[in-house]
Amino acid sequence: DTAQALIDQTAMVLPHVKITELLLEVDEWTGFTRHFTHLKSGDLAKDKNLLLTTILADAINLGLTKMAESCPGTTYAKLAWLQAWHTRDETYSTALAELVNAQFRHPFAGHWGDGTTSSSDGQNFRTASKAKSTGHINPKYGSSPGRTFYTHISDQYAPFHTKVVNVGLRDST
C-alpha cells in the first residue's frame, strides 16, 4: 500500500509527454535519426516526426494501418512510403549503435556496469503459419510455428544486437 501510494504520487508530478516528443528529445542528444537515410538518394527523412511514428509502429508491433488510424493527420500511405525508403535492417542497426554508444558515454551508465559483459536471451513469437525456414518441432516451443528473436544486452542494459533465429530442433539446442 505504501509503495503504491508513492507510485501514484510520483505519477502525478511527472509531465505527460507524447512518446514522439520524447524520441525527438533523445534524437537531439544523440542524432540517431540521421542513420535512417533514403535508400537511393541517401537523404534524411523530411518529416522527422513522421519517421519516428513509423519507427514506433515497428517498435510496438502496432503496424502502419493502426498507427495511421491512431495519429491524426497521418496516413497509411505516408507511413508506408517512409518505411519502404528509410527503415531497413542496416538503418536500425546503425541507429541502435548510436543509442547504445550514447548510453555508454553517459556517466550514469557506469553505475550498472562497465559495458564489457553481456547476457543474451531469446524471445519467441508465434507466427500464423509455417514457412520453410521456421523448422518443424522445437523442444522448448513444441510444433507451433514461430520465430525467436535472440537479443544481446550489455551490463549497462543496452540491447546491442538482435538476431532472428529459426526455432527448429538444431537452432534451439
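No value in this document is a laboratory result; all are computed from the given coordinates. Computed from a predicted structure; not experimentally measured. Ideal geometry is used to build each Cβ from the backbone, glycine not excepted, and the neighbour counts take in all protein chains shown.
General observations
- Summing Cβ point charges (Lys, Arg +1; Asp, Glu -1) relative to the Cα centre of the chain gives a dipole of roughly 920 debye.
- Between residue 126 and residue 9, the modelled label-to-label distance comes to 4.4 nm, taking each label 7 Å out from Cα in the direction of the beta carbon.
- Using R0 = 35 Å, the C-beta based FRET efficiency linking residue 165 and residue 75 works out to 0.50.
- Here the calculated FRET efficiency for residue 117 and residue 38, from their Cβ-Cβ distance with R0 = 25 Å, stands at 0.10, rounded to the nearest 0.05.
- With a Cα cut-off of under 21 Å and a minimum spacing of 8 residues unless on different chains, the lysine pairs in the chain number 15.
- With θ taken as phi - 60° and the Karplus curve 6.51 cos²θ - 1.76 cosθ + 1.60 applied, the whole-hertz 3J(HN,Hα) list for region 106-121 is 6, x, 5, 4, x, 5, 8, x, 9, x, 9, 10, 8, 10, 9, 7 Hz, x standing for glycine and proline.
- Descending by average beta-carbon neighbour count within 10 Å, the peptides 149-161, 4-16, 103-115 line up as 149-161, 103-115, 4-16, the highest first.
- With the charge dipole of the chain set up from +1 on Lys and Arg Cβ and -1 on Asp and Glu Cβ about the Cα centre, the Cα lying farthest toward the positive end among the listed residues 31, 151, 109 is that of 151.
- One way to sum up the overall shape of the chain is the equivalent ellipsoid from its Cα gyration tensor, whose semi-axes run 29, 25, 20 Å, largest first.
- Label-point separation in nm, residue 152 to residue 26, each point 7 Å along Cα→Cβ: 2.1
- Per-residue ellipticity at 222 nm computed for the chain from its helices equals -13000 deg cm²/dmol, with DSSP H segments shorter than 4 residues left out and the rest contributing -39,500 (n - 2.57).
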